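Below: the structure, in structure tokens.
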Amino acid sequence: MQQTPDLELETKFIFNTLQFLTDVVQDKTALKVEDKEGVEVAIQCLAAAFGLDLANAEQVGAHSVQPLSAPQVFGLGIAGKAQLEAIAQTQAASGPALATPSVQSKIPANLKDKFDSFVGVLEKRGFFKDVETGSVEYHSRVQLAEDRFLASPTAASTAAPAPAPATASTASSPAPAATKQPLDSTALAEAERLKLLGNEKLSAGAMDEAISFYTQAIAINPNNAVYFANRAAAYSQLGKHDKAILDCNSAIQADPKYSKAYSRLGFSLYALGHYKEAVSLGYEKCLALDPANKMARDALDVANAKVRETTASATTTTATATTATPSTPPTTQQQQQQQ
């Protein structure tokens, strides 16, 4: 009988808890000798009650989260919960309900051919990969492509008038990800309203609906880093970490000083097993901007521990392989034997 999603998740939780308890029992220093028997009995009773067998390869493949341990997965869940709570705490008062404005192309007629070529390049690079043509997400990416194109030298060299010379203050500033074209107050208010609706859905655990609202907000105002970072949080809760990483990078392009974008980037990189990148591209950069962020500090410690663990494992594997490998190539040995 096929399990429901909730029951399947519960089964995974119990299975990995049993694996963790088994590891604890096998660790000679974790428990007193007199306590191990009680834990072993508990493992046997739980396994029998839920029909689980830790030695069954099929069940291991279906339920185990290794190489992560149950405490590590729990730590990721706590970090995700903290992200949701942080979003809920920073919600502003909801603006008035407004009709969603239509989103029109920003590309002037004399640049349309060049923009079409620009989009062709983006398509080859996977910018629109897995996005349904005509969907809200598709239009959101088209808007982002327009902003990037308008900020490019190609568009700037064609448009008039020429920009004013850079001052000392602007020369050192990073180039924005999108042209900061002013939006009227009605459009800004609508984007904020959609963001708040997304926040409500995110806090309620309705991730798909949250993503839809954030996507609509981004379509109106693609220059707001918060919209991308919040959508990244929703994607990460669905396990769609590749999409979360894309949104985190878009948030960072929109506002390189938005620390939460780096924190969420670290979260998704860690979840995909990119531990070194989670440290260097995510948590360390977040803490450089927000040193008091305890959640990021704790997550950095976990990620660093995983880097050390994987490095030690790789070193052990290399050492074992080196020991087992002859000091000279097999062909040379064969030649010596023949001689």
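Worth pointing out:
Quick grid of which residues meet (1) free of Cβ contacts under 8 Å to residues at least 60 places away in the same chain; (2) not in a helix (DSSP H, G or I):
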residue: Glu192; (1), (2): no, no
residue: Gly205; (1), (2): yes, yes
residue: Tyr235; (1), (2): yes, no
residue: Gly239; (1), (2): yes, yes
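- Selected residue (criterion: nearest to Ala271 (Cα to Cα)) from residues of the range 42-61 that are open to solvent by less than 50 Å² (accessible area, probe 1.4 Å) and in a helix (DSSP H, G or I): Val60
- If you go through the range 130-146 and keep only what is surrounded by fewer than 11 Cβ atoms within 10 Å (Cβ to Cβ) and of a type outside the set (Gly, Ala, Ser), you end up with Asp130, Glu132, Thr133.
- Residue match in the range 285-294 (condition: out of contact with any Phe, Trp or Tyr (no Cβ under 6 Å at 6 or more places or on another chain) and within 28 Å of Leu9 (Cα to Cα)): no
- Being at pLDDT below 80 and either in contact with a Leu (Cβ under 6 Å, 6 or more places away or on another chain) or outside any loop (DSSP other than H, G, I, E, B) (or both) is a property that does not hold for Ser173.
The values are calculated or read from the model by the stated rules, or taken from the named source; none is laboratory data. All of these numbers come straight from a predicted model, not from anything done at the bench. Every residue, glycine among them, receives a Cβ derived from its backbone with ideal geometry; neighbour counts consider all protein chains shown. These area figures cover heavy atoms from the full protein model, side chains too; ligands, DNA and RNA do not enter into them. Shrake-Rupley method; radii C 1.70, N 1.55, O 1.52, S 1.80 Å.
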